[in-house]
Amino acid sequence: MGKKTPLYETHQAMGAKLVDFAGWDMPVHYGSQIEEHHTVRRDAGMFDVSHMTVVDLVGSEARSFLRHLLANNVDKLQEKGKALYTCMLNEQGGVIDDLIVYFLEESWFRLVVNSATRARDLDWIAGQARAFGVDVIEQPHLAMIAIQGPKARDKVLPLLDEANRQAAADLKPFYGEEHGDWFVARTGYTGEDGFEIMLPEDQAVGFWNAMKDNGVQPCGLGCRDTLRLEAGMNLYGSDMDESVSPLVSGLNWTVGWSPQERDFIGRAALERQRDAGPKEKFVGLVLEDKGVLRNHQKVMVEGAADGEITSGGFSPTLGCSIALARVPAQTGERCQVEVRGRLLAARVVKPSFVRNGKAQVELS
Amino acid sequence: MSEMPGELRYSSNHEWARANDDGSVTIGITDHAQDQLGDLVYVEVPEQGHEVAADEACAVVESVKAASDVYAPIAGTVIAVNEALADKPEAVNQDAYGEGWLMKLKPSSSDALSGLMDADAYQEFVESE
């Protein structure tokens, strides 16, 4: 028996197929993963992501602590409510986790980290926080629901209380705001517009049911994965982990190199790697032959070492298989992938396949 | 609860076999199997004329989750394959015992189906797994 979110019984009652996810019993789908995927691209779907770990950092030195802890520069957050996507690195430049940090007050920042890495993250953060006198406070009693899709905003706003509704309606992308015990952010992991809402756990079922009644489709973590893959968003543990740096994981853009004097954990190792020129790069693949790309399949490039698919699957929006892959730096526009004993042809693309319901790659 | 029609025979690898009047045998994967796999996105069937041995991996069904081999429940020669699945793999999810059939075999022996389970035995097998 795994851990259960406040919505566990609701998922069961709604016919979800439940699977183990990092020690939690979570819905993988409610009937058809592909239908749920399409609903998020075309309408609105909701995901129970209460298994994710919410950590508040409280103390007058919170900002300087985050300057040290995170590879992206927390000083990009000057407006209250603004969010930043970043990696948290070890001294070797390996990725301990990727996370979102929200600036709430000068003495209060909120992190949302992965559940699979919860223990390691909390340990690391607490260890680093001591020198700064910052309190690390987990918020296990917050439920978290992501509502995503082109109609997500219209379907959610009428269900919020007045203060949250006003604030949510005015939120710019990648901002969040707290009213009462609710925190509403215009963020997500699907490549569509929408909200991620943290709320007291005892209100999660009522809110979920109200959204269901308002035409928001319950969606499992199965389509969350195909949606994020189409959006070209990394999955921790598949696309990167402590053994690789952001520079070979397509996450160079999240590293806050300037100012030069900001000495974040892993900086020295990253600079060495950058100056030597990384031997690998992170790309998207579109399969041209029939078949399905899967994690860990071998990518073959003429005259170079083998690469590897880090996330592969079927794209319901494009109707073909796509993947994220770590490949030799000299990889050109084409490669082959070893799929069940056969070599299949794939095209190398920038790793964003679908955004806001629209294909970002040309299909043959 | 998965559907298990009484007129079919079943293998422990979750394939079904239907004896047709002309002596051929139609093969597919069971409703239980498709439910476990999730939405199918790709199906690979053998060539016509291919000789399959019993328990030979002779087809592949790939779902949103993973790829799975399909094992021939009996030995025989492939005399027809379901070409429509190339464009409509979801037929296996929607109608595992009808439109979602995979291939038709000419069995090597006349009592080929005798080694397979009937619906009651398969039901028990699924529950015990």
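The values are calculated or read from the model by the stated rules, or taken from the named source; none is laboratory data. The model shown is predicted, which means the values in this text are computed figures rather than measured ones. Cβ: placed from backbone, ideal geometry, glycine included. Neighbour counts: every protein chain shown.
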Sole residue being more than 30 Å from B:Ala91 (Cβ to Cβ) and either free of Cβ contacts under 8 Å to residues at least 12 places away in the same chain or in contact with a Cys (Cβ under 7 Å, 6 or more places away or on another chain) (or both), chosen from A:Ala71, A:Ala13: A:Ala71
Identify, by number, the condition in (1) away from chain B (no Cβ under 14 Å); (2) in contact (Cβ under 8 Å) with a residue 12 or more places away in the chain that A:Gly291 doesn't meet. (1)
Can you pull out every residue in segment B:19-45 that is part of a loop (DSSP other than H, G, I, E, B) and either of a type in the set (Val, Ile, Thr) or surrounded by fewer than 19 Cβ atoms within 10 Å (Cβ to Cβ) (or both)? B:Asn20, B:Asp21, B:Asp22, B:Gly23, B:Ser24, B:Thr30, B:Val45
Within segment B:83-95, take every residue that is surrounded by 14 or more Cβ atoms within 10 Å (Cβ to Cβ), touching a strand residue (DSSP E or B) at 6+ places or on another chain (Cβ under 8 Å) and in a helix (DSSP H, G or I) and give me the one that is nearest to the other protein chains (Cβ to nearest Cβ). B:Asn93
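Among residues belonging to segment A:179-226 that are touching a His at 6+ places or on another chain (Cβ under 6 Å) and buried (at least 19 other Cβ atoms within 10 Å of the Cβ), point out the one that is farthest from B:Lys65 (Cα to Cα).
A:Gly220
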Of the residues A:Ala83, A:Ala169, which is aliphatic (A, V, I, L, M) and either in contact with a strand residue (DSSP E or B) (Cβ under 9 Å, 6 or more places away or on another chain) or closer than 20 Å to A:Ser64 by Cβ (or both)? A:Ala83
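Here's the yes/no breakdown for (1) touching a helix residue (DSSP H, G or I) at 6+ places or on another chain (Cβ under 9 Å); (2) more than 23 Å from A:Ala16 (Cα to Cα):
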site: A:Tyr175; (1), (2): no, yes
site: A:Gly191; (1), (2): yes, yes
site: A:Ala210; (1), (2): yes, no
site: A:Gln217; (1), (2): yes, no
Consider A:Ala22 against the criteria (1) touching a residue at least 60 places away in the same chain (Cβ under 8 Å); (2) within 22 Å of A:Leu235 (Cα to Cα); (3) in contact with a Pro (Cβ under 7 Å, 6 or more places away or on another chain): it satisfies all of them except one. Which criterion is unmet? (3)
Could you grab me the full set of residues in segment B:47-58 that are of a type outside the set (Asp, Glu), under 13 Å from the mean Cα position of the chain (by Cα) and away from every other protein chain (no Cβ under 14 Å)? B:Ala54
Check B:Gly98 against each of (1) within 14 Å of chain A (Cβ to nearest Cβ); (2) outside any strand (DSSP E or B); (3) without any contact (Cβ under 8 Å) to a residue 24 or more places away in the chain; (4) of a type outside the set (D, E, K, R) and name the one condition it does not meet. (1)
By my count, strands (runs of 3 or more DSSP E) wholly in segment A:266-323 with at least 2 residues that are among the small types (Gly, Ala, Ser) are A:307-315
Residues satisfying the stated conditions in segment A:14-33, i.e. under 22 Å from B:Asp39 (Cβ atoms), out of contact with any strand residue (DSSP E or B) (no Cβ under 7 Å at 6 or more places or on another chain) and not in a strand (DSSP E or B): A:Gly15, A:Gly31, A:Ser32, A:Gln33
Extreme residue, nearest to A:Gln33 (Cα to Cα), among residues of segment A:304-346 that are more than 13 Å from chain B (Cβ to nearest Cβ) and of a type in the set (Lys, Arg): A:Arg326
Inside segment A:179-232, can you point out the residues that are among the charged types (D, E, K, R) and in a helix (DSSP H, G or I)? A:Glu201, A:Asp202, A:Lys212, A:Asp213, A:Arg224, A:Asp225, A:Arg228, A:Glu230
Give just the number: which of (1) loosely packed, with under 14 Cβ neighbours inside 10 Å; (2) more than 14 Å from chain B (Cβ to nearest Cβ); (3) at pLDDT below 95 does A:Val361 not satisfy? (1)
Out of the residues in segment A:235-265 that are hydroxyl-bearing (Ser, Thr, Tyr) and not in a loop (DSSP other than H, G, I, E, B), which is nearest to B:Leu40 (Cα to Cα)? A:Tyr236
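Kindly evaluate B:Val64 against the criterion of being of a type in the set (A, V, I, L, M), buried (at least 18 other Cβ atoms within 10 Å of the Cβ) and more than 10 Å from every other protein chain (Cβ to nearest Cβ).
No, not satisfied.
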May I ask you to say which residue of A:His68, A:His11, A:His51 is in a loop (DSSP other than H, G, I, E, B) and at pLDDT 95 or above? A:His51
Taking B:Gly76, is it under 20 Å from B:Glu47 (Cα atoms), more than 14 Å from every other protein chain (Cβ to nearest Cβ) and either touching a Ser or Thr at 6+ places or on another chain (Cβ under 8 Å) or modelled with pLDDT under 95 (or both)? yes
